[in-house]
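Reviewing the structure listed below.
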Amino acid sequence: PINLILTGIAIADMLVMIEYIPFTLHRNLLTGRSKEAEYSWEFSLFVWSHSNFSLVIHAVSIWLTLSLAVWRLIMIQFYTLSPIYCTIKRCKILLTLAYIIPIFICVPNYMATTINKKKNDGKVIYVLDWSEIATAHNKLLYRINIWLYTFLLKLIPCVILTIITGWLIKALYIAEERSARLKEKVHTGGSRNNIIVTILNESGKAKGSLTSRKRDTDRTTRLL
């Protein structure tokens, strides 16, 4: 499941960077064109799509990162529950919801912007601007839009992630202390030196030694 979440984050980041390529080409590399060509209706439509797509995918990436932190916390702090809650099926549901829900959450942003026709030095150009819906009722939708995406999609997940990260670090230290005490008991137990401690992996099956699992846990936690 952890690898699936990491893959979901990687795909989201890759989509953002790929989608930036035509935008960068048009704005920075294809120079020497007329204003009509640079600010055509087609390119304005692309910019509108570009801004909304970036917003959605950034939201996906942020919430998947937060989900990864929660997942790791459950596996370290509440390891007895991880075979129940941290399953492949639940992970796939999480990934699906993480990619679908932001599409609907960002609907106000789709409605808040529009393509306006303007004249610049006698030439007709098309630019993005706030829509009439956004500016109506004393800019109600505009303000909702700003607060919704500033806090719900950006600030709140980052604050929660910071808190969970601190909790995760604390849980990791506790797990290491527990592991050290267990090793000490095994080494001082005489005949018990031959005991091999196995643990359950995320599917509930034995996966290997405690040391091997600890290395995997440490690597993933450092990556997070």
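Look at the stretch 97-117: where a residue is hydroxyl-bearing (S, T, Y) and a partner is part of a helix (DSSP H, G or I), sitting 6+ places away or on another chain with Cβ atoms under 7 Å, you get Y99/V60; Y110/N52; T113/W48. Scanning the stretch 24-38 for residues that are surrounded by fewer than 16 Cβ atoms within 10 Å (Cβ to Cβ) and not in a loop (DSSP other than H, G, I, E, B) gives T24, L25, R27, N28, L29, K35, E36, A37, E38.
Checking each residue in the stretch 115-143 for being exposed (fewer than 14 other Cβ atoms within 10 Å of the Cβ), on the phi < 0 side of the Ramachandran plot and assigned to a helix (DSSP H, G or I) picks out E132, A136, L140, R143. For the stretch 1-19, a tally of residues being touching a residue at least 24 places away in the same chain (Cβ under 8 Å) and not small (G, A, S) returns 10.
Listed by first and then second residue, the pairs with beta-carbon distance under 8 Å, at least 6 apart or on different chains, first residue in the stretch 154-175 and of a type in the set (S, T, N, Q), second crowded, with 18+ Cβ neighbours inside 10 Å and part of a helix (DSSP H, G or I), are T165/A69. Within the set R72, R90, the sole residue that is more than 22 Å from T150 (Cβ to Cβ), surrounded by 16 or more Cβ atoms within 10 Å (Cβ to Cβ), touching a residue at least 60 places away in the same chain (Cβ under 8 Å) and not aromatic (F, W, Y) turns out to be R72. Filtering the stretch 1-23 to residues that are at pLDDT below 85, closer than 17 Å to M75 by Cβ and part of a helix (DSSP H, G or I) leaves only I2.
The values are calculated or read from the model by the stated rules, or taken from the named source; none is laboratory data. Because the structure is predicted, anything quoted here is derived from the model rather than measured. Please note: Cβ atoms are built from the backbone with ideal geometry, for glycine as well, and neighbour counts cover all protein chains shown.
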